[in-house]
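*Asks:* Questions regarding the structure given below will be posed in turn.
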Amino acid sequence: MTTLAVFAAPALAQNNGLPTQRQGLILVEVITQRGLECDLLRPWQAGALRMQTRMELGQYDSEARAEISGEIAERTAAMTCEDPLLIGWIEGASPGFEREMLPFFLVAYDAMAGLDPVPALFAEETGRSDYGLPLSIIGAEIERLQDAGIRPEGGVEWDAYETRINTAAAEIGGVLGGADSERFSHAEAEAYATDIARITELWLADAMTESDNSDTNGTE
């Protein structure tokens with residue numbers, strides 16, 4: 001099951017039946033847009049969901065994508081910030097952001113930033129030349145998740161998960177540098193590097209803001 005399906009489940013369960021992939025895609029994108037606009041989702045959470053819906057949308061032909069986009073626009077315009085479906089979906093899905101999504105971005109960012117050389121596209125998207133501070137913040141968060149008993153996707157051990165992501169990151173870096181890969185096309189490598197950089201930077205901005213607020217409150 002894709003992460004999109006996992007996140008779609010809380011709200012779609014109200015339909016008393018399994019949703020189609022298309023229904024799930026539309027619902028998640030509508031809730032992503034309205035959740036961000038209504039300040040019910042953090043920017044990184046919306047970015048992570050949008051990464052999933054974009055991947056799902058790419059499976060459809062151009063005619064179907066146009067139809068789906070139209071339905072998304074129509075349903076988004078009709079959904080208010082007080083809509084019980086919007087609020088209930090986000091409340092039901094919230095624990096999954098930490099369990100199902102955050103570990104991927106933390107580990108993948110750490111892996112991409114650790115490549116030698118760091119892929120130019122990744123560096124451009126992060127806007128960084130020194131990764132000391134973000135990697136220390138990410139390391140502390142991974143340690144916190146481990147201490148809380150949270151494991152990446154499906155309960156995989158952290159060491160095994162990090163090895164798998166490191167291998168994929170190295171392959172993505174190779175493709176961005178001109179190497180061939182059976183797993184990633186150049187467009188896919190670019191998309192992954194961009195999403196990992198942008199979404200994790202949004203999470204880092206939140207983490208740094210929370211740290212600054214904590215420091216300020218502690219000195220008052």
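The values are calculated or read from the model by the stated rules, or taken from the named source; none is laboratory data. Since we're looking at a predicted model, the values are computed, not measured. With ideal geometry, Cβ positions are generated from the backbone for all residues, glycine too; neighbour counts draw on all protein chains shown. These accessible areas exclude ligands, DNA and RNA; they are computed on the full protein's heavy atoms, side chains included. Shrake-Rupley method; radii C 1.70, N 1.55, O 1.52, S 1.80 Å.
*Asks:* Do we have Ala108 as touching a Phe, Trp or Tyr at 6+ places or on another chain (Cβ under 6 Å), of a type in the set (Gly, Ala, Ser), surrounded by 12 or more Cβ atoms within 10 Å (Cβ to Cβ) and within 19 Å of Ile165 (Cα to Cα) here?
*Replies:* Considered against the rule, which asks whether it is touching a Phe, Trp or Tyr at 6+ places or on another chain (Cβ under 6 Å), of a type in the set (Gly, Ala, Ser), surrounded by 12 or more Cβ atoms within 10 Å (Cβ to Cβ) and within 19 Å of Ile165 (Cα to Cα), Ala108 comes out as no.
*Asks:* Which condition number does Ser136 fail, the rest of (1) farther than 20 Å from Pro103 by Cα; (2) small (Gly, Ala, Ser); (3) at pLDDT 95 or above being met?
*Replies:* Failed condition: (1).
*Asks:* Another question, then. Can you name every residue in the stretch 96-115 that is more than 23 Å from Val28 (Cβ to Cβ) and at pLDDT below 95?
*Replies:* The answer is none; no residue qualifies.
*Asks:* While we're on this one: Under 30 Å from Glu143 (Cβ atoms), over 15 Å from the mean Cα position of the chain (by Cα) and open to solvent by 60 Å² or more (accessible area, probe 1.4 Å) - does that describe any residue in the stretch 86-99?
*Replies:* Yes: one or more hits.
Residue-wise test of (1) outside any helix (DSSP H, G or I); (2) at pLDDT 95 or above; (3) open to solvent by 10 Å² or more (accessible area, probe 1.4 Å).
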{"site": "Val6", "(1), (2), (3)": "no, no, yes"}
{"site": "Gln14", "(1), (2), (3)": "no, no, yes"}
{"site": "Pro19", "(1), (2), (3)": "yes, no, yes"}
{"site": "Arg22", "(1), (2), (3)": "no, no, yes"}
{"site": "Leu27", "(1), (2), (3)": "no, no, no"}
{"site": "Val30", "(1), (2), (3)": "no, yes, no"}
{"site": "Gly35", "(1), (2), (3)": "no, yes, no"}
{"site": "Trp44", "(1), (2), (3)": "no, yes, yes"}
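*Asks:* Any chance the stretch 132-144 includes a residue that's closer than 25 Å to Arg54 by Cα and buried (at least 20 other Cβ atoms within 10 Å of the Cβ)?
*Replies:* no
*Asks:* For the stretch 189-220, enumerate the residues that are at pLDDT 95 or above, of a type in the set (Asp, Glu) and open to solvent by 50 Å² or more (accessible area, probe 1.4 Å).
*Replies:* Answer for the stretch 189-220, where residues must be at pLDDT 95 or above, of a type in the set (Asp, Glu) and open to solvent by 50 Å² or more (accessible area, probe 1.4 Å): just Glu190.
*Asks:* Would you be able to tell me the number of residues in the stretch 57-82 that are surrounded by 13 or more Cβ atoms within 10 Å (Cβ to Cβ), within 21 Å of Glu37 (Cβ to Cβ) and not polar (S, T, N, Q)?
*Replies:* Of the residues in the stretch 57-82, 7 are surrounded by 13 or more Cβ atoms within 10 Å (Cβ to Cβ), within 21 Å of Glu37 (Cβ to Cβ) and not polar (S, T, N, Q).
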